[in-house]
Amino acid sequence: MRKKASILIYILVITVMALLQTSFFPQFILLRIKPDLVLLFVISIGLLKGYREGIIVGLIGGIITGIVSWNLWGLYILGYCLAGLAAGIVPEKVETDNFLVPLLSSVIGSAGFALILSGVAILLDIYYPTFADLYKIPVFLIWNAIFALPVFFMCKNVIVPPGRELDFDVSPKNKGYTID
C-alpha cells in the first residue's frame, strides 16, 4: 500500500515539476537556459531513499518529462536513472544531513546529466554542441545550484518526512500497518 501511495505521490510531484519547468520557468530563463527541477527531485529522492528508489523515480521522471516536453524519452530516462543511481550511492559513503552534500550532489549530478545527454546526442547524430554552446553548462549548473536546496528540503520534510512512513510488517507478532 505504501509503495503504491509513494509512486502516486512521485508521479504527481514530477508532473507538477515538469509542467513548471516547461511552462513557468521559460518566462524567467537566463541566457536561454532553465533549471531542471525533475533532475533535482530525482537526485534528492536518491539521496534520501537510496539507489533503488532513485532509479524508479528517475524512470518515472524520464517518462513524464519526455511526455511533457516532447523530447526523446530515452535520453531523459537514461540520464535520470543514472542520476538516481549515483545519488543513491552517496548516502552509503557520506552523511546527507550536511547541506553541502545535496548541493554538491545536485551540481555534480547536473554536470554528469548534461555530459551524458550531450554525449548520447552526438553518438546518435541528433545534435552537435559547438564551442559557443559551452556557456550553457555553467549557467545550467548555477540554476540547478540555486534550486537544489529548496527541492531537497521539500523532499526531506514534505514528501519523505522522517518518522511518518507506513511500513507493512507481516511478522506473526504484528499484523497490519505500523507507524515508525
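Values as computed for the structure displayed
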{"item": "For the stretch 77-82, 3J(HN,Hα) per residue [Karplus equation, 6.51 cos²θ - 1.76 cosθ + 1.60, θ = phi - 60°, Hz, x = Gly/Pro]", "result": "4, 4, x, 5, 5, 5"}
{"item": "Sites residue 93 and residue 32, calculated FRET efficiency, Cβ-Cβ separation with R0 45 Å, nearest 0.05", "result": "0.80"}
{"item": "Pairs beyond 27 Å (Cα-Cα), from 93/156; 136/156; 4/156", "result": "136/156"}
{"item": "Inter-probe distance in nm under a simple model that places probes 7 Å from Cα toward Cβ, at residue 111 and residue 125", "result": "3.2"}
{"item": "Ranked by how many other beta carbons lie within 10 Å on average, peptides 116-128, 134-146, 57-69, 34-46 from highest", "result": "34-46, 57-69, 134-146, 116-128"}
{"item": "Förster radius 25 Å - calculated FRET efficiency between residue 52 and residue 142, Cβ distance, rounded to 0.05", "result": "0.25"}
{"item": "Contour minus Cα-Cα distance for residue 69 and residue 5 (0.36 nm per residue)", "result": "20.5 nm"}
{"item": "Pairwise centroid distance, computed over Cα atoms, of the stretch 46-63 with the stretch 94-163, Å", "result": "14"}
{"item": "Cα-based shape type of the stretch 28-86, given that a ≥ b ≥ c are square roots of the gyration tensor eigenvalues and the cut on a/c is 1.5", "result": "oblate"}
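Every read-out reported here was derived from the displayed coordinates using simple, explicitly stated rules and does not represent laboratory data. As the structure is a computational prediction, the values presented were derived from the model and not from experiment. In this analysis, Cβ positions are derived from the backbone assuming ideal geometry, glycine residues included, and neighbour counts consider all displayed protein chains.
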